[in-house]
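The values are calculated or read from the model by the stated rules, or taken from the named source; none is laboratory data. These numbers were taken from a predicted model, which means no experiment stands behind them. Here the Cβ positions follow ideal geometry from the backbone for every residue, glycine too, while neighbour counts run over all protein chains shown.
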């Protein structure tokens, strides 16, 4: 069996654990997006938004789904509105007809009191606030652009963390394959020795044993003790794990691989347990224990992979 080598290429893996923050100054003021991501079997999005911006939640969820497939994301938005002095301007289109109407009243009613200019300014529409105002659509565009930047930053952090996780898994794949490669050439001799011991035990139990039945029982026991299939399946599963780690198509298509890797960890653990249960030799038992330790280390890392 050829040894598997850890590749020097980058891995197609993203972690579910990451954090990203983006702060920007805009016409709206200073806003800050924060996204915290942890491992989760499915995608869960929790939004914490200021009261006046709750209407953005559906758009936020849609944008997250386009970028992330698994994990629990806590998204928060904080806004410090820009402090600007109000700029007031008289609306002549309203003031002129209003002034004409006031003059007509004063000419008609001799006893009419003089109109206070302050009262005129209080008339609806006479004063206009020229402070830069953004409508809801403009605000949404401004804020969601910031969210996109935060999601992109989160994605970069998840990929960087995923590279570290994949490297640890890949290294343990190599250690597992090395254990298997050391054990495989010794299997024929180990099995032969095991069968010899079984024959001696059977002969001790009964001096008068039918020869054909004796050979039949030995063959059955030998077959049950054969671990070559477990060795082959361990190698197959390890190759599949490494293929998934290096498969660039997964990252291009944003395909989650964590569940597939988790399934393979279960299969690897099953084979290691079977290996240990057959126990044809102390070396096999020791290899089984070492395999289970390495597989458990991989499984812990896989829990964080998207």
If we keep only residues of segment 142-151 that are out of contact with any helix residue (DSSP H, G or I) (no Cβ under 7 Å at 6 or more places or on another chain) and in contact (Cβ under 8 Å) with a residue 60 or more places away in the chain, then the residue surrounded by the most Cβ atoms within 10 Å (Cβ to Cβ) is 150
Looking only at segment 30-49, count every residue that is over 11 Å from the mean Cα position of the chain (by Cα) and surrounded by 15 or more Cβ atoms within 10 Å (Cβ to Cβ) and tell me the total. 8
Out of (1) at pLDDT 85 or above; (2) not in a helix (DSSP H, G or I), the one residue 165 does not meet is (2)
So residue 261 ticks every box in (1) touching a helix residue (DSSP H, G or I) at 6+ places or on another chain (Cβ under 8 Å); (2) free of Cβ contacts under 8 Å to residues at least 24 places away in the same chain but one. Which box is left unticked? (2)
If only one of 65, 81 is free of Cβ contacts under 8 Å to residues at least 60 places away in the same chain and either closer than 14 Å to residue 155 by Cα or surrounded by 14 or more Cβ atoms within 10 Å (Cβ to Cβ) (or both), which one is it? 65
Hey, residue 285 closer than 19 Å to residue 167 by Cα, assigned to a helix (DSSP H, G or I) and at pLDDT below 95 or not: no
